[in-house]
Amino acid sequence: MDGNNHVFMPLKKGLFFSDVKCNTAHVLVNTVDKNKSKYTVKQYSDANKAQFIQNIIAHPNTNDYINY
């Protein structure tokens, strides 16, 4: 690390980005498939079910949802 802070801001549709116009030396790529492969089929299925339920009950924040 070079000691600089990189700020990530959300776009209107929720995707986060960092303005790197002045810093072309770094590229960050993070894919869903790569993250998905870290979990078992059951863990992935359970996460999808949890997200589905969270959407139904009007998107409480994660801490509140866990407490429910």
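Values quoted throughout were computed directly from the atomic coordinates according to the rules given, and no laboratory measurement underlies them. Small disclaimer: the values here were computed from a predicted structure and weren't measured. Glycine also receives a Cβ, built like all others from the backbone with ideal geometry; neighbour counts cover every protein chain displayed.
The phi torsions of region 8-13, fed into the Karplus equation with coefficients 6.51, -1.76 and 1.60 and a -60° offset, translate into couplings of 9, 10, x, 6, 4, 8 Hz, rounded to whole numbers, with Gly and Pro shown as x. Taking packing as the residue-averaged number of other Cβ atoms within 10 angstrom, the listed peptides 40-52, 6-18 run from highest to lowest as 40-52, 6-18. Take residue 68 and residue 56, extend 7 Å from each Cα along the Cα→Cβ direction, and tell me the distance between the two endpoints in nm. Distance between the two pseudo-spin positions: 1.0 nm.
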